[in-house]
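See structure below.
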Amino acid sequence: MSILAAYVLPHPPLILPEVGRGEEKKIQLTVNAYERAMKEAAEQKPDTVIIASPHTVMYADYFHIAPGEEAEGSFAQFGAEGVTVAARYDTVLAKEIEMDAGEIGIEAGPVGGRNAALDHAVMIPLHFLHAHTRDFRVVRLGISGLSPLAHYNFGKCVARAVDTLGRRAVFIASGDLSHKLTPEGPYGFAPEGPRFDKACMKYLEEGDFLKLLRMDRALYEPAAECGLRTFWMMAGALDGQALKIKKLSYQGPFGVGYGVVSLRVTREDVRRSFAERYEMLERRAQEERRAAEDDYVRLARHAIETIVHTGKNAELPQGLPSEMSERAGVFVSLKKDGELRGCIGTFEPTTKNIAEEILQNAASAALRDPRFPPVKKEELDALVYSVDVLTEPELVAGADALDVKKYGVIVEYRARKGLLLPDLAGVDTVEEQLRIARQKGGIPADAPIRIWRFTVERHH
């Protein structure tokens with residue numbers, strides 16, 4: 001057998017009357033859709049229910065598979081200590097998923113589990129499903145910080161393991177949508193919130209997993225979404241399958257998006273395999289990025305690719321722009337799959353010119369950023385570069401002279417300094433900018449500081 005059906009399900013604790021105490025009536029459409037979806041899932045008579053949760057153990061480069069024979073959880077932290085949910089694990093399938101993932105180089109397994117208790121993103125679907133059947137076992141999966149394609153391919157591993165063992169299985173992608181739909185909501189408002197929800201629900205309803213995989217980080221990160229990575233994993237678990245899809249509900253009255261979608265497998269359909277198309281489009285985008293790189297970014301790439309391949313520092317190429325002969329502080333940043341992969345820079349110039357500064361700091365960003373392991377050869381093609389050339393820092397009287405979009409900051413207390421570049425995603429206020437800069441410099445929150453501001457010329 002194989003994956004018979006999949007369900008996109010939210011997990012607001014207040015959906016339970018014992019938690020919501022009447023508030024659940026404001027999402028009655030979601031409640032009704034949830035009950036309908038789990039009744040439908042029970043009718044599949046699954047041997048195993050596979051639940052991908054964003055609230056279980058998560059690692060940057062590893063997919064956690066819950067270990068053990070069974071687990072239990074309660075809603076005590078939500079004021080309903082009397083409500084509990086238990087699950088018996090399908091240990092054989094869990095091991096098969098781990099082995100299948102390992103064969104294609106995806107690291108997954110039970111290593112490092114800190115809390116065996118079920119999380120609410122698992123308990124809520126099981127609570128509704130238990131109203132119809134308890135005759136199944138569970139595999140509980142965590143998400144990771146890896147790429148959309150890695151989540152998709154891990155989902156394919158899940159489906160292959162199900163096939164290998166002949167399980168009748170249902171996949172649940174547990175996840176809310178944006179948490180920033182309204183100013184009154186607990187997380188405030190971002191314009192990307194409603195836009196993300198609209199796009200995500202459209203792609204799910206249409207079964208357009210390619211667009212789901214290629215959603216712009218600039219859209220989903222500010223939206224403060226919860227479930228996208230579980231949806232990517234679900235898409236992989238449904239690879240090569242024709243689907244009958246029903247949007248059962250969508251609501252967002254509390255400032256958080258709740259979508260319920262049913263995806264029933266009808267037959268095989270090789271046209272619905274998206275990994276290769278995703279890779280092709282990503283390669284094309286990468287080629288376009290490289291073609292658009294200016295001399296600053298090309299020099300940073302040259303420095304990193306040289307030292308990673310040869311172990312030797314790169315030499316300056318001929319024909320660099322004359323302005324690179326000037327002196328300035330430089331930061332070189334690397335990203336991989338949209339996540340920071342290294343960033344090293346200098347407040348003020350330490351070499352004879354900007355070009356030398358780029359060579360030095362690029363090599364350090366790749367190999368000597370203490371937050372990350374050294375960049376490997378196989379990662380080079382996936383790296384995205386940016387180079388920031390700093391103006392000379394200017395001492396200012398206080399925070400009133402700052403602007404998070406225009407100015408970077410340097411804060412100083414005694415011998416300690418902390419720096420933060422301008423116009424960073426997620427840094428929206430001067431207060432937040434100064435807090436992070438203090439943190440980077442190891443400066444106490446109540447310590448008196450001197451503040452410098454600077455601008456950057458950003459190349460990417």
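Under the criterion of Cα pairs below 8 Å and six or more residues apart, the relative contact order for the chain equals 14 percent.
The overall shape of region 391-460 is prolate: from the C-alpha gyration tensor, with semi-axes ordered a ≥ b ≥ c, the ratio a/c is 1.5 or greater and a/b exceeds b/c.
Partners of residue 45 within straight-line reach, counting aspartates and glutamates whose Cα lies under 12 Å from its Cα and excluding those fewer than 8 residues away in the same chain: 135. Cross-link pairs exceeding 21 Å in C-alpha to C-alpha distance, out of 95/156; 211/247; 336/376; 39/156; 211/244, comprise 39/156. Out of residues 5 or more away from residue 329 or on other chains, whose amide H comes under 5 Å of its own, with H placed 1.01 Å from N in the peptide plane? When sequence neighbours closer than 5 places are left aside, the close amide H contacts are 390. Relative contact order, whole percent, for region 303-442 stands at 20, derived from Cα pairs under 8 Å and 6 or more residues apart. Taking a ≥ b ≥ c as the square roots of the eigenvalues of the Cα gyration tensor, an a/c ratio of 1.5 or more together with a/b no larger than b/c marks region 316-397 as oblate. Dipole orientation for the chain: of the candidates 136, 415, 175, 136 has the Cα lying most toward the positive pole (charges on Cβ; Lys, Arg +1; Asp, Glu -1). Placing R0 at 22 angstrom, the Cβ-Cβ distance between residue 195 and residue 432 gives a FRET efficiency of 0.40 after rounding to 0.05. Taking every C-alpha pair closer than 8 Å and separated by at least 6 residues, the mean separation divided by the residue count of region 293-382 gives a relative contact order of 31 percent. Beta-bridge orientation, the chain: approximately 70 percent antiparallel, per DSSP, counting only bridges with both partners inside.
Each Lys and Arg contributes +1 and each Asp and Glu -1, all at the Cβ; summed about the Cα centre of region 391-460, the dipole is approximately 300 debye.
Projecting the Cα atoms of 395, 222, 41 onto the charge dipole of the chain (Cβ charges, centred on the Cα centre) puts 41 farthest toward the positive pole.
Compared with the dominant principal axis of the Cα atoms in the chain, helix 295-310 is inclined by about 70°. What you get for the chain, charging only the Cβ of Lys and Arg (+1) and of Asp and Glu (-1), is a dipole of about 600 debye around the Cα centre. Quick check on region 3-272: take the gyration tensor over C-alpha atoms, sort the square-rooted eigenvalues as a ≥ b ≥ c, and tell me if it's rounded (a/c under 1.5), prolate or oblate. Judged from the Cα gyration tensor, region 3-272 comes out rounded (a/c under 1.5). Local charge for residue 4 was computed over the other residues whose Cβ lies under 14 Å away, with Lys and Arg +1 and Asp and Glu -1, and equals +1. About the centre of its Cα atoms, region 187-346 shows a dipole size close to 640 debye [charges on the beta carbon of Lys, Arg (+1) and Asp, Glu (-1) only; nearest 20 debye].
Once you mark the trypsin sites (Lys or Arg not before Pro) that are in a DSSP loop and have at most 13 other Cβ atoms within 10 Å, what is the longest gap between them in the chain? Formally, the longest exposed-site-free interval is 135-311. Against the main long axis of the alpha-carbon atoms of the chain, helix 228-237 sits at an angle near 60°. With contributions of -39500 (n - 2.57) from each DSSP H run of at least four residues, the per-residue ellipticity at 222 nm computed over the chain stands at -10500 deg cm²/dmol. Rounded to the nearest 10 degrees, the inclination of helix 430-441 to the longest alpha-carbon principal axis of the chain is 80 degrees. Here the gap between residue 399 and residue 88, fully extended at 0.36 nm per residue and compared with their Cα-Cα distance, gives a gain of 106.4 nm. Label point of residue 133 set 7 angstrom out along Cα-Cβ; within region 174-190, amide nitrogens under 20 Å from it belong to 174. Here each label is just a point 7 Å from Cα along the line to Cβ, and for residue 322 and residue 107 those points are 5.0 nm apart. Restricting region 308-414 to GluC sites (Glu not before Pro) that sit in a DSSP loop and have at most 16 other Cβ atoms within 10 Å of their own Cβ leaves 315, 326.
Coordinate-derived values only; no laboratory data. A quick note: this is a predicted structure, and the numbers were derived from the prediction, not measured. Here Cβ is always computed from backbone atoms with ideal geometry, including for glycine, and neighbour counts include all displayed protein chains.
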